[in-house]
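A short worksheet on the structure shown next.
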Amino acid sequence: MPSHVACVMDGNGRWAARRSLPRTSGHRAAEATVIDVIEAARTAGVRWLSLYAFSTENWQRPDDEVDFLMWLVRRVVRKHAALLHARGIRCRFLGVADPRIPAPLARDFADLMTLTATNRGMTLTVAFDHGGRADIVEAARSLIRSGVPADAVDERQFAAHLPFPDTPDVDLVIRTSGEQRISNFMLWQVAYAEWVFPPVLWPDFRAPHFVECLRTYQSRDRRFGGVTPHANGEPHP
């Protein structure tokens, strides 16, 4: 079972377009998938689940769509906060640095993190206003501010300056809708992740699809650049 699963929640706009609906309808329909995937991950024993909700590049979308997303995410957070807490899920928000984020939404994020901070079940990280490159740049700035000599910087120390440094590397990334891009998502943490690209659009993605992705992961041979030995101890060619 992968310890850390990350999902790029892709396909809301295409889901709506296929139904001749506004893009906002696709975002609204995605709520049910989010809750279903959280429950499926928790039930399966996944310890860390990360969801890519809003990227630093998404600010380029039309203002009315961005405003709707801000409203929708706030409604979802407030609606499901009690359930997440009751399930023992620790909630975190990765990013949330842009001043364009409405202050009430930022407060709701902070309140949910405080409410669930001592929970010891699954950790749910919602990447909101997140960019993998921005995280790496900020880690470099943090190292410089800390006065760490250049020769003393290694991967372990660099990772310690990333946001939420206790977060383990991602084992499995699921990107729905069939698109095959990283999209600036947790670039440091996904370095050795397995990727699965189910063709299902995110609003149609459900627990059985998630479980199938876990099975795909379990069938992979993760060598991390090494080789897998034969039964007789010799490496595969």
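The values are calculated or read from the model by the stated rules, or taken from the named source; none is laboratory data. All values reported here derive from a predicted model rather than from experimental measurement. Cβ coordinates were reconstructed from backbone atoms using ideal geometry, including for glycine residues, and neighbour counts include every protein chain displayed. Please note that ligands, DNA and RNA were not included when accessible areas were found on the heavy atoms of the full protein model with its side chains. Shrake-Rupley method; radii C 1.70, N 1.55, O 1.52, S 1.80 Å.
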- For segment 58-92, the count of residues that are open to solvent by less than 20 Å² (accessible area, probe 1.4 Å), under 30 Å from Ala193 (Cα atoms) and either at pLDDT below 95 or among the charged types (D, E, K, R) (or both) equals 0
- Flagged in segment 178-197 as in contact with a strand residue (DSSP E or B) (Cβ under 7 Å, 6 or more places away or on another chain) and either in a loop (DSSP other than H, G, I, E, B) or among the aliphatic types (A, V, I, L, M) (or both), in numbering order, are Ser183, Asn184, Phe185, Met186, Val190, Ala193, Val196, Phe197
- Note on the structure: Result of the Cβ filter at 6 Å on segment 17-32, keeping first residues that are closer than 16 Å to Leu51 by Cα and partners that are modelled with pLDDT of 95 or more and β-branched (Val, Ile, Thr), at least 6 apart or interchain, is Glu31/Val76
- Query: Out of Ser55, Ser3, Ser50, Ser20, which single residue is within 14 Å of the chain's Cα centre (by Cα) and surrounded by fewer than 17 Cβ atoms within 10 Å (Cβ to Cβ)?
  - Reply: Ser3
- Message: Looking at segment 142-177 only, could you name the residues that are closer than 20 Å to Glu57 by Cα and outside any loop (DSSP other than H, G, I, E, B)?
- Response: Val173, Ile174, Arg175, Thr176, Ser177
- Task: Kindly check whether there is at least one residue in segment 119-132 that is in contact (Cβ under 8 Å) with a residue 40 or more places away in the chain, within 24 Å of Trp188 (Cα to Cα) and part of a helix (DSSP H, G or I).
- Result: yes
- Residues Gly45, Gly95: which one is in contact with an Asp or Glu (Cβ under 7 Å, 6 or more places away or on another chain) and within 24 Å of Met122 (Cα to Cα)? Gly95
